[in-house]
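In what follows, a structure is listed as structure tokens, so that the remarks can point back to it.
The values are calculated or read from the model by the stated rules, or taken from the named source; none is laboratory data. The structure presented is a predicted model; accordingly, all values stated were derived computationally and were not measured. For neighbour counting, all protein chains shown are included, and Cβ atoms are generated from backbone atoms with ideal geometry for every residue, glycine included. Side chains are part of the model used for accessible areas, which takes the heavy atoms of the whole protein and leaves out ligands, DNA and RNA. Shrake-Rupley method; radii C 1.70, N 1.55, O 1.52, S 1.80 Å.
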Amino acid sequence: DAGVIQSPRHEVTEMGQEVTLRCKPISGHDYLFWYRQTMMRGLELLIYFNNNVPIDDSGMPEDRFSAKMPNASFSTLKIQPSEPRDSAVYFCASSFALSRGGLNEQFFGPGTRLTVL
Amino acid sequence: GQQVMQIPQYQHVQEGEDFTTYCNSSTTLSNIQWYKQRPGGHPVFLIQLVKSGEVKKQKRLTFQFGEAKKNSSLHITATQTTDVGTYFCAGQNNDMRFGAGTRLTVKP
């Protein structure tokens with residue numbers, strides 16, 4: 001398997017523009033996570049899905065952020081409108097539930113480095 | 001809600017010195033995972049601890065899970081420049097929460 005795939009790897013946009021980040025999880029994984037990483041705030045969990053259903057979106061900063069998972073092999077994180085403070089590296093990760101309970105390790109994608117000017 | 005605190009935030013050592021990072025949870029955990037992120041890279045899984053008092057070793061790395069399953073540590077013996085990066089713990093209860101990470105730099 002190619003691992004978790006994210007696109008684009010880099011995105012530079014202007015304030016006010018819509019940004020869409022994409023993620024393809026590892027086949028067979030039923031959990032998908034979106035994280036944001038900055039120097040100031042570290043690694044923040046934004047939202048996670050189980051079987052394509054959003055379970056916890058309490059980390060989503062505000063209404064400008066939205067995430068969808070239309071099927072088991074694809075998820076998007078959208079920012080509309082984007083602001084300079086959204087500049088960060090956005091990671092997608094996937095995992096699967098263990099038979100004894102809990103989650104297996106999370107496999108992270110390479111990340112999307114977003115710069116909002 | 002569940003919180004995972006990790007200290008120190010930064011650690012700078014001379015090559016050959018030991019290094020330890022500590023993770024503490026406000027609630028009892030079902031398990032804890034450790035990840036390493038190299039500069040410019042993404043977090044990569046190192047290990048998972050499940051049992052109370054569990055100790056696991058990976059070469060120069062020693063991982064411990066506290067008896068109460070609320071704290072954990074990662075110890076690196078005789079650091080090398082290849083150990084540079086940020087080490088994260090991730091505690092799992094109802095969900096999984098990452099600590100803020102400890103950034104390790106190693107001076108050759």
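On average, how much accessible surface per residue is there in the protein assembly as shown, in Å², for a 1.4 Å probe, leaving out ligands, DNA and RNA?
49
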Exercise for the section: Quick one: net charge around B:Lys69, please, counting Lys, Arg +1 and Asp, Glu -1 for every other residue with C-beta under 10 Å from its C-beta. Expected result: 0
Practice task
Report the net charge of residues surrounding A:Leu103, where surrounding means a beta-carbon distance below 15 angstrom and charges are Lys +1, Arg +1, Asp -1, Glu -1.
Solution key: -2
Practice task
Within region A:74-117, which residues have the backbone N less than 16 Å from the label spot 7 Å out from A:Met39 along Cα→beta-carbon, could you tell me?
Solution key: A:85-89, A:114-116
Problem - Over the protein assembly as shown, equivalent-ellipsoid semi-axes from the Cα gyration tensor in Å - result: 30, 21, 15
Handout entry: Karplus-derived HN-Hα couplings along region B:74-79 (A = 6.51, B = -1.76, C = 1.60, θ = phi - 60°), whole Hz, x at Gly and Pro
Key = 10, 10, 10, 8, 6, 4
Problem - Local net charge near A:Thr112, Cβ-Cβ under 14 Å (Lys/Arg +1, Asp/Glu -1) - result: +4
Problem - Accessible area of A:Leu77 in the full protein assembly, 1.4 Å probe (Å², nearest 10) - result: 0
Fill in the blank from the handout: Under the rule rounded for a/c under 1.5, else prolate if a/b exceeds b/c, else oblate, using alpha carbon gyration tensor axes a ≥ b ≥ c, region A:24-117 is classed as prolate
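Note the buried accessible area between B and A here, summed over both chains, with a 1.4 Å probe, in Å² to the nearest 100.
For chain B against chain A, roughly 1500 Å² becomes buried.
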